[in-house]
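Just below is one structure, and these are the notes that go with it.
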């Protein structure tokens, strides 16, 4: 006869499960970005997979492989290319320190005389160097980690698609919510993902393109490079792209190029900043409205954890967290209401 009661055995089993889960989660910390990428890609391409298999009657494995190849070509490879472009340009700047020194000196003179901030540029460059090292650690760390992450991501994605029905039924079965709340959570998660990834990605591309066009028009060098930087920077609402075109305008003004300096400054403040607000308003009407505070805090959380991917994953994780709290509150209120009804009926 066992020395433990039924309840004690359940508590012991639960404690063992929690310990094992902690070990597993700790072991998976190095591929956390790949796991989150898998969830994002599954959410984005799920309607495409259903259309291919149910409307066009394409085999499951072929539909999954088609989506994998498509996402690799239009998302992963361009993202890696842009990241490598940024790193190569940073390396080029580091190999020509006199060029940077001249820029810094002119900007310091301009900031000191016009803005009464003689050390403004030095402080800004120091902070920018720290930010760059945080943004691109996975790229600088070598291709092996990137390759491993891609293999894990697409391996999981393939089986999540080909076994979609079983996967989604298991999620519903083990979800800590009632089925209707779980479905509501899934729909809200989809809208949040679309808003953070597709919506913000579209804004980033538009703003980065406008920065490149403006630099081309006013004859500023390395227009494509600075457009790429603006694309990454625009994930920070309001302050993102001004961190690129405002210093560029100040450099032109410090060099005596008044037309180019004021031109790019007006181009940025009138067109680039306002196009952000217009697109965000349109996205908010169609999917989910993500508050800028969530985006900023999410980026602060995400960059140390995921590097450059933290620009997307940080706000996404924070949005998921807030969404879970809302569902929990809804479930709790419904449970309390049901308990009150039962107590009244018993009386």
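Looking at 215, 225, 245, 235 in this structure, which one is in the same structural domain as residue 323 (by TED's automatic domain parsing) and without any contact (Cβ under 8 Å) to a residue 40 or more places away in the chain?
That would be 245, the only listed residue that is in the same structural domain as residue 323 (by TED's automatic domain parsing) and without any contact (Cβ under 8 Å) to a residue 40 or more places away in the chain.
Which condition number in (1) modelled with pLDDT of 80 or more; (2) buried (at least 19 other Cβ atoms within 10 Å of the Cβ) is the one that residue 219 fails?
Just one mismatch for residue 219, condition (2).
Sort out which residues of segment 51-70 are surrounded by 12 or more Cβ atoms within 10 Å (Cβ to Cβ) and either in contact (Cβ under 8 Å) with a residue 40 or more places away in the chain or touching a strand residue (DSSP E or B) at 6+ places or on another chain (Cβ under 9 Å) (or both), and write them in order of number.
Residues satisfying the conditions are 60, 63, 64, 65, 67, 68.
Out of segment 295-308, which residues are modelled with pLDDT under 75 and under 25 Å from residue 187 (Cβ atoms)?
295, the sole residue that qualifies.
If I filter segment 81-94 down to residues being closer than 20 Å to residue 153 by Cβ and crowded, with 16+ Cβ neighbours inside 10 Å, which single residue comes out as modelled with the lowest pLDDT?
The extreme case among them is 83.
The values are calculated or read from the model by the stated rules, or taken from the named source; none is laboratory data. A quick note: this is a predicted structure, and the numbers were derived from the prediction, not measured. Note that we place each Cβ from the backbone using ideal geometry, even for glycine, and neighbour counts take in every protein chain shown.
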